[in-house]
Structures are given as C-alpha cells and as structure tokens.
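This report concerns only the one structure given below.
The values are calculated or read from the model by the stated rules, or taken from the named source; none is laboratory data. Keep in mind that what you see is a predicted model, and the values were worked out from it rather than measured. Note: ideal-geometry Cβ built from the backbone for every residue, glycine included; neighbour counts use all protein chains shown. When the accessible area is computed, the model is the full protein with side chains, heavy atoms only, and any ligands, DNA or RNA have been set aside. Shrake-Rupley method; radii C 1.70, N 1.55, O 1.52, S 1.80 Å.
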Amino acid sequence: MTQASTVHVHPPKVEYFDVAAQTNTDPKGFVRPVEIYREQPWGVYMGRHSDHVSFHYLESWILPELSLRASKLHYNPGIEKWQDVYVDVGAFTWESPTLIKGVDHYLDLLVRTGRDVRLVDVDELMAAHSAGLLDSAHCQTAIENATVAVDGIAANGYNFEDWLATLGMTLTWR
C-alpha cells in the first residue's frame, strides 16, 4: 500500500487584473506593473515581466466564460520547460469595467502541444473541500470546467489554441 502525500491546505488564491491601472495584484498582494493588456470580447491578454526564480516573463489570457486562465512562461536559462501552456481553473469575474478578479479553484492543466494534457492538483482541490475552503458546488464546477477543457484540447490534437479557435477565440501571444 502506498502512502498519500501530504497536501498544504490553503484558501483559494485571489488575484486582480486592473486594465486601467496597468497592474496585476498577485495572490500574495504584490502589485506588479503590466506591460501589455489587450481586450477581446471573450477575454483579456496580459503580458508582464516577472521576478520569479524560474521565469522572467509571463503571458496570460484570462477567459472568464470558460473559467480559465492560460499562461505561457518564458523560463530563465537552465530551467526545464515541461508544458507549453499552463492553465488555471477558477472563477474570473469583472468587478468593474476595468478590473477582473480571479479566484483559483486549485485545478491546473499542463498542455504539451501535440502531445498531451495533464490535469494536476486534484489533491489540493479535495483537501480544500475537506477543510471547508471550497464548497461542493464550486468543486463540481471546477471539475466540469477542467473536463470540458481537457476534452476540447484532446479533440483538437492536444492544441489549446486550436480548441479555442473552434469557439471563436483566437489567441495571440507577445
């Protein structure tokens, strides 16, 4: 019998994307300047520099109607790139005409274009639910949104952008 790994239980991560102020407030409360915001009827693109140990630039598409945030990380030299697109599952809502609030629902998708898609952090979702940090309805919605995305990505040759194009969403990156 194998022992399950211990999961650090934490409240859902909350992030803000302020298009008017050209800022991104990360889950720890750090306000970061944003180089580029681009709006489309179905989502918002953000590009900004990063001081993360593994990557120096972050590009994201916030896709509220799909409850997803797709990111491409520009890694620092020597850091292995496992995925082409990192997808967060959560609730992304317009708090005002220029402010999006993102609430992470723990599940993530790691997309290797043309190869596969991996659903990760199910253990975090279950631990958060057990700790009362995310109710059953939000957990079910997260699982349904992740499943729709996995199905769409797989049905389009494991290509995230091709799946979104079938929905009328054309992503452009930096």
**Prompt:** Tell me, in nm to one decimal, what length is gained between Val148 and Glu80 on full extension, where the rule is 0.36 nm per residue of separation less the Cα-Cα distance?
**Reply:** 21.7 nm
**Request:** For the chain, with all protein chains present and a 1.4 Å probe, just round the carbon and sulfur fraction of the accessible area to a whole percent.
**Result:** 54 percent
**Prompt:** From the backbone phi of the stretch 142-149, what are the Karplus-calculated ³J(HN,Hα) couplings (6.51 cos²θ - 1.76 cosθ + 1.60, θ = phi - 60°) in whole Hz, Gly and Pro given as x?
**Reply:** 4, 5, 5, 5, 5, 5, 4, 5
**Prompt:** If you line up the Cα atoms of the stretch 59-124 on their principal axes, what length do they span on each, largest first, in Å?
**Reply:** 40, 28, 22
**Prompt:** Gaussian network model of the chain, Cα springs within a sub-10 Å range: biggest mean-square fluctuation belongs to which of Ala127, Ala146, Ala70?
**Reply:** Ala127
**Asked** What accessible area per residue comes out for the chain, rounded to a whole number of Å², with a 1.4 Å probe?
**Response** 53 Å²
**Fill in**
For the stretch 1-92, inverting the pair-averaged 1/r of distinct alpha-carbon atoms gives a Kirkwood value in Å of 14.7 Å
**Message:** Take Gln40 and Val53, extend 7 Å from each Cα along the Cα→Cβ direction, and tell me the distance between the two endpoints in nm.
**Reply:** 3.5 nm
**Complete:** Residue span Arg118 to Asp162: 0.36 nm per residue of separation minus Cα-Cα distance leaves a gain in nm of 14.1 nm
**Item:** Two-site FRET efficiency, Met126 against Glu65, from Cβ-Cβ distance with R₀ of 25 Å, rounded to 0.05
**Value:** 0.45
